[in-house]
Every structure is written in structure tokens, then in C-alpha cells.
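Chemist: Dropping the structure in here first, questions after.
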């Protein structure tokens, strides 16, 4: 038995070789998978970075777009408001020009009427040199009376200015009437008209003074009651309530049957409440 030689079986040797080959292949396969996974992970990380970059970029672009849209809206609103205010200003300017044009036409009409009526009475003869009488020996022919030469027409002209809102012209007309026709039956009405010019413009202190002149200069005139009532209203507007109440009471006492007395009673009754 000591001389027996041991020889491996062919089948067992093949099995051992196959096992060794599988081990090598397994080790090689595991290494390939690890490399591929590493490459795939690196690619995913790069893709994630690109996605994050695009997200940030889109966010900034969206914010810029929103800011631009807001700015455009504000500019649009500014343009529209400017256009509206410009249109309103132009409209008001045209209205003022039209009103001034109407007043200018009225003044020109008056001037033309005065000139025509003055020329209708004949030309005025000029005196000779040295201030002597005219060469013809005739008297100087005065011009025909203008519309303001008649008290009624002058008063009506000023009253029309008052009713149509031309308070400055109406005030001048009434003042001129009182200067030229102080003894006219319409003088108290003209004085009352002066007060109305100030009252219409809410200048109550001046209006009160003018209404007071009606009562002192024409205490029994047909405008005395109305002037006293308006005087009380002016005092009321100015905060002089005690004076206003006294004026209303005086009105009721002096002119009990007038329509202004009824209005004064209503004012007194409301002041008691």
C-alpha cells in the first residue's frame, strides 16, 4: 500500500475549475455594477444641479416679469389719469373762454349802441380856435341821450347784469345810477341791488353795510322790508346771532304785513328750537 500513487479524478478537477471561474466572474460582475452605479449616481447629481439652476433662473425671471407687469400697469394708470385731467382742464378752459367771449360780446353791444345813439343826434360842432364860439355862430349841439341817460334803462341794464351773474358790471351800473340819479324813484332799488351784488358773492359784511343804507336813507321805500330781511341774513351768516335776531324782530314789528315778516317769523321760530 505504501507504493500506491494518488491520481485525481477528472470529474472533480473540472468541478473545481468551474467553481474558480464562477468566483472570478462574480468578482468581475460586482465590479462592473459598482462602476455603473457610480456613473449613474454622478449623472443624477449633475442633472439635479441643472434642474435646481433652472428652477432658480425661472423664479428670478418670473419675479422680473411680475415687477415689469406692475410697472406697466402703474404707467398705464398714470397716462390715463393725465389724459383725463388734461381733458378736464381743456374743457374748463373752453368754458371760461366761452364765458369771457359772452361778456365781451355784451360790452361791445353796449358800446355799439351808445355810439349809434350818440351819432344819431348829429355831429357836435367844434369850437373855433382860442375857445370862442363856433364859426357858424350856432350853439353846440349835444349828442342824443345814450341808453344810460334814462334812469329806467340804466337801472334795467344793471339789473340784467345782476340776474345774469355779471356782478362786477352790475355793481358798477348801480353805483353809476346812484351817482347820476340820486333822487330817482328807483334809487332805493339801485341801493338794494348793490347789496345783492355782494350777497350773491357771499361777501356778507359788505352786503350788510349796503342793505343798511337802504333802511337809513329810504326807511319807507318799497325795498325797506327786503333790505332789513337781507341785513338779518347777513348778520346770521357772519355769526352775529344777537344782531340778527334783533333785525328779524324789528322787521316783524315795522312791516307786519310783508312777506319778509313771515319769513322772519319762521327764522325766529327755528332759532328758539
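Here, each number is a calculation from the coordinates, and none is a lab measurement. What you see is a predicted model, and the numbers here were worked out from it, not measured in a lab. Cβ placement follows ideal geometry from the backbone for every residue including glycine, while neighbour counts extend to all protein chains displayed.
Chemist: By how many nm would the segment from residue 206 to residue 160 lengthen if fully extended, with 0.36 nm per residue of separation less the alpha-carbon distance?
Modeler: Extra length from residue 206 to residue 160 when fully extended: 14.4 nm.
Chemist: 7 Å from Cα along Cα→Cβ at both residue 51 and residue 249: what's the point-to-point distance in nm?
Modeler: In this crude label model, residue 51 to residue 249 measures out at 9.6 nm.
Chemist: Could you tell me the center-to-center distance, by alpha carbons, between the stretch 226-247 and the stretch 179-199 in angstrom?
Modeler: For the stretch 226-247 versus the stretch 179-199, the Cα centre distance is 20 Å.
Chemist: Same structure, new question: For the peptides 190-198, 211-219, what is the packing order when you average, over each peptide's residues, the other Cβ atoms within 10 Å and list the highest mean first?
Modeler: Ranking, from highest mean packing down: 190-198, 211-219.
Chemist: Hey, with R₀ at 41 Å, roughly what FRET efficiency would residue 42 and residue 70 work out to, going by the Cβ-Cβ distance, to 0.05?
Modeler: 0.45
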